[in-house]
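The values are calculated or read from the model by the stated rules, or taken from the named source; none is laboratory data. Note that the structure is a prediction, hence the values are computed from the model and not measured. Neighbour counts are summed over all protein chains in view; Cβ atoms, including those assigned to glycine, are modelled from backbone coordinates with ideal geometry. The area values use the complete protein model at the heavy-atom level, side chains included, leaving out ligands, DNA and RNA. Shrake-Rupley method; radii C 1.70, N 1.55, O 1.52, S 1.80 Å.
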10 protein chains.
Amino acid sequence: MSDQTIYANLQQLGSSTETPTNPDEAKLEAVKNPHPGTDYLVRFTCPEFTSLCPVTGQPDFAHIVIDYIPEDLLVESKSLKVFLTSFRNHGDFHEACTVGIAKRLVDLLKPKWLRIGGYWYPRGGIPIDVFWQTGEAPKGVWIPDQDVPGYRGRG
Amino acid sequence: MSDQTIYANLQQLGSSTETPTNPDEAKLEAVKNPHPGTDYLVRFTCPEFTSLCPVTGQPDFAHIVIDYIPEDLLVESKSLKVFLTSFRNHGDFHEACTVGIAKRLVDLLKPKWLRIGGYWYPRGGIPIDVFWQTGEAPKGVWIPDQDVPGYRGRG
Amino acid sequence: MSDQTIYANLQQLGSSTETPTNPDEAKLEAVKNPHPGTDYLVRFTCPEFTSLCPVTGQPDFAHIVIDYIPEDLLVESKSLKVFLTSFRNHGDFHEACTVGIAKRLVDLLKPKWLRIGGYWYPRGGIPIDVFWQTGEAPKGVWIPDQDVPGYRGRG
Amino acid sequence: MSDQTIYANLQQLGSSTETPTNPDEAKLEAVKNPHPGTDYLVRFTCPEFTSLCPVTGQPDFAHIVIDYIPEDLLVESKSLKVFLTSFRNHGDFHEACTVGIAKRLVDLLKPKWLRIGGYWYPRGGIPIDVFWQTGEAPKGVWIPDQDVPGYRGRG
Amino acid sequence: MSDQTIYANLQQLGSSTETPTNPDEAKLEAVKNPHPGTDYLVRFTCPEFTSLCPVTGQPDFAHIVIDYIPEDLLVESKSLKVFLTSFRNHGDFHEACTVGIAKRLVDLLKPKWLRIGGYWYPRGGIPIDVFWQTGEAPKGVWIPDQDVPGYRGRG
Amino acid sequence: MSDQTIYANLQQLGSSTETPTNPDEAKLEAVKNPHPGTDYLVRFTCPEFTSLCPVTGQPDFAHIVIDYIPEDLLVESKSLKVFLTSFRNHGDFHEACTVGIAKRLVDLLKPKWLRIGGYWYPRGGIPIDVFWQTGEAPKGVWIPDQDVPGYRGRG
Amino acid sequence: MSDQTIYANLQQLGSSTETPTNPDEAKLEAVKNPHPGTDYLVRFTCPEFTSLCPVTGQPDFAHIVIDYIPEDLLVESKSLKVFLTSFRNHGDFHEACTVGIAKRLVDLLKPKWLRIGGYWYPRGGIPIDVFWQTGEAPKGVWIPDQDVPGYRGRG
Amino acid sequence: MSDQTIYANLQQLGSSTETPTNPDEAKLEAVKNPHPGTDYLVRFTCPEFTSLCPVTGQPDFAHIVIDYIPEDLLVESKSLKVFLTSFRNHGDFHEACTVGIAKRLVDLLKPKWLRIGGYWYPRGGIPIDVFWQTGEAPKGVWIPDQDVPGYRGRG
Amino acid sequence: MSDQTIYANLQQLGSSTETPTNPDEAKLEAVKNPHPGTDYLVRFTCPEFTSLCPVTGQPDFAHIVIDYIPEDLLVESKSLKVFLTSFRNHGDFHEACTVGIAKRLVDLLKPKWLRIGGYWYPRGGIPIDVFWQTGEAPKGVWIPDQDVPGYRGRG
Amino acid sequence: MSDQTIYANLQQLGSSTETPTNPDEAKLEAVKNPHPGTDYLVRFTCPEFTSLCPVTGQPDFAHIVIDYIPEDLLVESKSLKVFLTSFRNHGDFHEACTVGIAKRLVDLLKPKWLRIGGYWYPRGGIPIDVFWQTGEAPKGVWIPDQDVPGYRGRG
Ligand SMILES: [Ca+2]
Ligand SMILES: [Ca+2]
Ligand SMILES: [Ca+2]
Ligand SMILES: [Ca+2]
Ligand SMILES: [Ca+2]
Ligand SMILES: [Ca+2]
Ligand SMILES: [Ca+2]
Ligand SMILES: [Ca+2]
Ligand SMILES: [Ca+2]
Ligand SMILES: [Ca+2]
Ligand SMILES: [Ca+2]
Ligand SMILES: [Ca+2]
Ligand SMILES: [Ca+2]
Ligand SMILES: [Ca+2]
Ligand SMILES: [Ca+2]
Ligand SMILES: [Ca+2]
């Protein structure tokens, strides 16, 4: 049912890849959407995200969820993983990381619609969540809640 | 209250069936909708889905939920089970499997509306969910959330 | 604050009742709505429902939730319980039971609006849920989600 | 930031109060809304409600949640507690109690909007929930779900 | 990806700060929005809030969640923490604290939209929640539910 | 499999009973243990308990769980319900109510072993739980945890 | 790895069986333990149990969990299901049903050890749980908690 | 069933009390144990605890659970609340606060046994829990798990 | 801190492997325990297990958790995965699969201790769990509960 | 109640620290136990742990919980955080990381007892948990379960 040839030109899938030292070095790759006339949603859940605080250099952690409706392209999932890993030694603020990840994907994919939720671990007892989408969602497409639990403190 | 004769021509219900070797071999069967003038939703929850990765041949697993509003036909539930089982030794990508299952049902049933949620087990630490529906839902029909929990990682 | 005389003609409340042998024998009773000009929702949650499979004669089980907005009548709750109990030795399909219960209530009560959720225990590893409502809900009435958890399999 | 003088005329706050023998005896009190031009929602969650069955005299229990958007007045919270306590030895049906509590508050407060959810403990294995609101909610006001869990039976 | 120079004039970040004795003394600070043309939502979750009851002087506790869509400014997160801490020895009512926090942020930030949920610990067995937003949310911006669990009593 | 004649002399089962005005008036009744040579555990879960504060006269609420291993007698469950209801207008402290209920049952039943957990709703923000058992449990009898969730406050 | 011939003499597996009208009519069947020298635990979880109240004739429901350590025999699972189904039109008390099911299995299997937990749906607002085991568990065998959630009432 | 005269000499119950400025100023009070020959456990759950960091002066928060088996004395619950409140403007480390609270209670009550669990909110992304008991628990007394959920981070 | 050379002779790690057609074909591999004098527990959680029913040929699914205390050898994790995958087209009963997996590991590793929990998806409405360990656990080793949730049915 | 002078010689607390490039470079520091004669347990919960796979160089993630009973020394919590952070660019296997962290703490602190639970994110669909303790726990010390939820897959 699928078009495997769309995977023919990929550079990272199935080969070992060095982790890029920062997001600008990371090579996000796309593949052709096998259902270009079908408005469906793809969700990636990434609970293993870490970056550095640009002020203190200390590690930050986040749980990140990306939803998008493809137009002509899908993001290739291994290159997405490498891209997310490239933040590991890179310093940036929560809002900038979260929105920046989304904008890189938008630049690459030109999707019909995309949103990102960044659920950051608490600093100073107060976690920050960042939510962004490219605009009002297209009508008639199913977009379930992300439903990531809020932070509760203790007890 | 129901029309049991609609089950009279089925080939698989109540007899033992060999598992087809791939989805194209599987014979999805339909029965007449016993409430053709009533817009109701039927949900199948299938936590036992498995297919193969088309690249590595390794097994993939998914939790799949299908919602539809019947027009003239219902899918016969045993044939649905056999159809889902037919992916067991069949290789295809997550997006293709998920949307492909839905399209087979749409072709067979011509339902008023149908949607599918495919909630795949993580690969590389990042699970993919795929959501598709045939279009905007008809007004006045009750369509509850699927509310399948998101992936949390550990802790 | 309530009109207790509306209960004066009931035949089942407070007396012992024999369980009818099938739904057609069951005598669903109504009482006058004590707030006829007030659009409120009544929810009954029935986790103790059982019927028989019309093909195999084996028991089926369901968790059933009924929501309705009364017009002139309320269903008397003991007669509702007896009615639901009358499916115990009665064979019918999931869709037919669920929608059939709702239609009996609609016939009796002529409510402003009614819906039913039937959450059936798994057969063949795949549970079926059936959702029906009488049409688009009246504006300005509060109708909370039923939020019955989905089936998860194991783990 | 608040206008404490609005509490100057209260009769029950800070003094000991005898529990009224029924709701008609209970003196619900109001205070001036400190933010009369601001459309906000106040939620009271009352898991300690009990009344009597008007037929059998046996105790009934409910978990009650009240949401309202104040106009000129707020309900004084201690008088609300005393009012709810006044149902302790008072007999009435579930629908009548729930809607009756709401209407007493509406009479007193003339709020912009109010709703009540009454989540009653099961009788005969079937709990009843009652939901009422004064009409369509005003636009632009934030009204979160009450999200009180449904009854699950056992297991 | 971010504009670190926007942090150049801050007075509290990275230096030790004395806790102000009341909210009026607290110096809330803003920084320039690094994505001024992008409508995203920022959520702060603050489970460590405490103030004093203006009548009895006893401590009150709340779980507070703030959502806003920035216009030109972001609140600087350390100054937000200090501001929230300044309620520690300050007496005010639940409604006044909750709405007051939001209005201070609105005054400072002139955001496109802001809302606050104050989830107060029970007093007299009945917790109060306060929900306020600045008005109808702008179209096309993603604003997830806060989904803070309701109070359940015991059991 | 059971000895129904053990129920022949009961005074309350199946007849309507007036609620006693205090626990001393309540007539707890016993029936013969149908399995006198078998060491099994019986658990009653009572989430509908209420009494009065002996100091203020205000209602208290508790969730109560009773476990016991019968010797010659079982408590008759309707009389247990009436006994628990008799605390409704009776004033006593949490510790006294909880242990007192257990001791009444011990006096009546002379069980092999009994324990009670009283999980009281919070007062002053601090709930009290009371746990008592008649001594070390007999060996070889299965006594599962009560696992009533602790109080969490909010958030 | 298993001895399929142990299934050769079974009468019910794979053929259609009429539901017996009471437990005495039900034919529980055993098969040889394929690991007779290995002390392992088998758990059956049966959330679909229903019987009748011997006093009122009304249906009762339970969630039942059976754990046992086989000696020479295993219970054949389809005959167990038919046995449990045979209580459907049979009247007996909670304690008698629960312990009776266990004793029938003990008589048939002569297991090294067996226990049963019967988690009954509430009647009169108070559910009963019944726990029985054949005696102290053999040393060195792993017997996990059943961890069936307690009844919480509402809220 | 209880001895109310044991409350006759208390100084804080029912009167308004000023919050002491530190734990040494707080007057913990005891009352006679109404069941001196009965080994029962009392649990206090205190989700509203706050103190100051002795190094930075910033607020710390904890969820605290205290279990004890009384000998001759019970702690008077209002004085316990005042004592816990006295840490509000007092600086001390997590371990010292937690164990110190317990030791004050031990000094006052000379209980048969006591334990404390201090579940502190995260600092630097890592919460600390402190658990202390006075020694091995007496045999034959029921001491349920505290079962306070662990910290999960996000996701 | 670790001895990477222990991985030098492995045949499957890092190379692509064909899935064996049955467990007997699967080549389980071991590596030297890097902490041979340290009694620690290793847990593998495998929610993606599937085999075939030996009677009907239909797929079965299980969630499997393996705990062991190594002696001289560790199981190499990729070969464990391949071994578990080898059941995919292999027919065997639940008890035989579960205990058989454990025994293969015991044969290979000669561990100090090992246990397996097999949590099978329901068939006929009744799931089976199988629990086995090699004997009483060694003293002084920490072996946490597996705490896999029980099957709840619906509701 | 605490001895602040024990913190006088620390090198990292309150000053900014560079992250060491590997665990051997990290300087774990100890402080004197303020309660040397008191057997209490300290728990650190660290959901933000990450290291590298020694074979592929790809990041691994874990949720780590450390429990210990101090003898003469406490670990200083900031140096613990820095130590855990030092694994960020360090490659080692799951078992080696987990047990290695514990052994470093044992070397430094010579505690009465210590244990570690390492809950690793899944790789190849199968997460590994590692549990180690220094030996049988001392009698009379309270050591609650860690109760970190198991991995569930999806659904
Ligand atoms: Ca949702
Ligand atoms: Ca939450
Ligand atoms: Ca909390
Ligand atoms: Ca996590
Ligand atoms: Ca929902
Ligand atoms: Ca929800
Ligand atoms: Ca909801
Ligand atoms: Ca929600
Ligand atoms: Ca409750
Ligand atoms: Ca527990
Ligand atoms: Ca347990
Ligand atoms: Ca457990
Ligand atoms: Ca547990
Ligand atoms: Ca259930
Ligand atoms: Ca536990
Ligand atoms: Ca699952």
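Miscellaneous remarks
- When the residues of the stretch B:134-144 are filtered to those that are under 17 Å from A:Leu41 (Cα atoms) and loosely packed, with under 15 Cβ neighbours inside 10 Å, the one that is farthest from ligand 2 (Cβ to nearest atom) is B:Gly135.
Yes/no per residue for (1) under 28 Å from F:Ser77 (Cβ atoms); (2) without any contact (Cβ under 8 Å) to a residue 60 or more places away in the chain; (3) within 16 Å of ligand 10 (Cβ to nearest atom):
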| position | (1), (2), (3) |
| --- | --- |
| G:Pro59 | yes, yes, no |
| G:Tyr68 | no, yes, no |
| G:Val82 | no, no, no |
| G:Gly150 | yes, yes, yes |
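- Any hit, the stretch A:137-147, residues being farther than 29 Å from B:Ala137 by Cβ, more than 16 Å from ligand 13 (Cβ to nearest atom) and touching an Asp or Glu at 6+ places or on another chain (Cβ under 9 Å): no
- Every pair of residues 6+ apart whose Cβ atoms lie under 8 Å, when the first sits in the stretch D:112-123 and is of a type in the set (Ser, Thr, Tyr) while the second is part of a loop (DSSP other than H, G, I, E, B): D:Tyr119/D:Pro127; D:Tyr119/D:Val148; D:Tyr119/G:Arg154; D:Tyr119/G:Gly155; D:Tyr121/D:Pro127; D:Tyr121/G:Gly125; D:Tyr121/G:Gly153; D:Tyr121/G:Arg154
- Candidates are the residues of the stretch D:145-155 that are open to solvent by 20 Å² or more (accessible area, probe 1.4 Å) and under 21 Å from the mean Cα position of the chain (by Cα); the one that is nearest to ligand 12 (Cβ to nearest atom) is D:Pro149.
- All positions within the stretch B:104-155 that are more than 7 Å from every other protein chain (Cβ to nearest Cβ), under 27 Å from J:Gly118 (Cβ atoms) and part of a loop (DSSP other than H, G, I, E, B): B:Pro149
- Of the set (1) over 16 Å from the mean Cα position of the chain (by Cα); (2) more than 7 Å from chain F (Cβ to nearest Cβ), all apply to H:Thr38 but (2).
- Failed condition for E:Ala96, given (1) part of a helix (DSSP H, G or I); (2) open to solvent by 40 Å² or more (accessible area, probe 1.4 Å): (2)
- Taking residues in the stretch H:19-33 that are under 17 Å from E:Gly57 (Cα atoms), and partners anywhere that are open to solvent by less than 20 Å² (accessible area, probe 1.4 Å) and in a strand (DSSP E or B), the pairs with Cβ atoms closer than 9 Å and at least 6 places apart or on different chains are H:Thr19/E:Pro59.
- Matching entry among A:Leu84, A:Leu73 (being away from ligand 4 (no atom under 16 Å from the Cβ) and modelled with pLDDT of 95 or more): A:Leu73
- Summed over the stretch G:69-93, residues that are more than 17 Å from G:Gly57 (Cα to Cα) and open to solvent by 40 Å² or more (accessible area, probe 1.4 Å) total 6.
- Positions within the stretch H:65-83 being touching a Phe, Trp or Tyr at 6+ places or on another chain (Cβ under 7 Å) and within 13 Å of H:Arg104 (Cβ to Cβ), in sequence order: H:Ile66, H:Tyr68, H:Leu80
- Selection status of E:Tyr151, at negative phi, in contact with a His (Cβ under 6 Å, 6 or more places away or on another chain) and of a type in the set (Ser, Thr, Tyr): no
- Any hit, the stretch D:68-90, residues being closer than 20 Å to C:His35 by Cα, away from ligand 14 (no atom under 16 Å from the Cβ) and not in a loop (DSSP other than H, G, I, E, B): no
- Note on the stretch H:30-60: residues that are within 18 Å of A:Gly125 (Cβ to Cβ), crowded, with 22+ Cβ neighbours inside 10 Å and among the hydrophobic types (A, V, I, L, M, F, W, C) total 1.
- Every residue from the stretch E:101-125 that is crowded, with 20+ Cβ neighbours inside 10 Å and either among the small types (Gly, Ala, Ser) or over 29 Å from E:Lys32 (Cα atoms) (or both): E:Ala102, E:Gly117, E:Gly118, E:Tyr119, E:Trp120, E:Tyr121, E:Pro122, E:Arg123, E:Gly125
- Selected residue (only one of A:Ile69, A:Ile116 is among the aliphatic types (A, V, I, L, M) and within 30 Å of E:Pro47 (Cα to Cα)): A:Ile116
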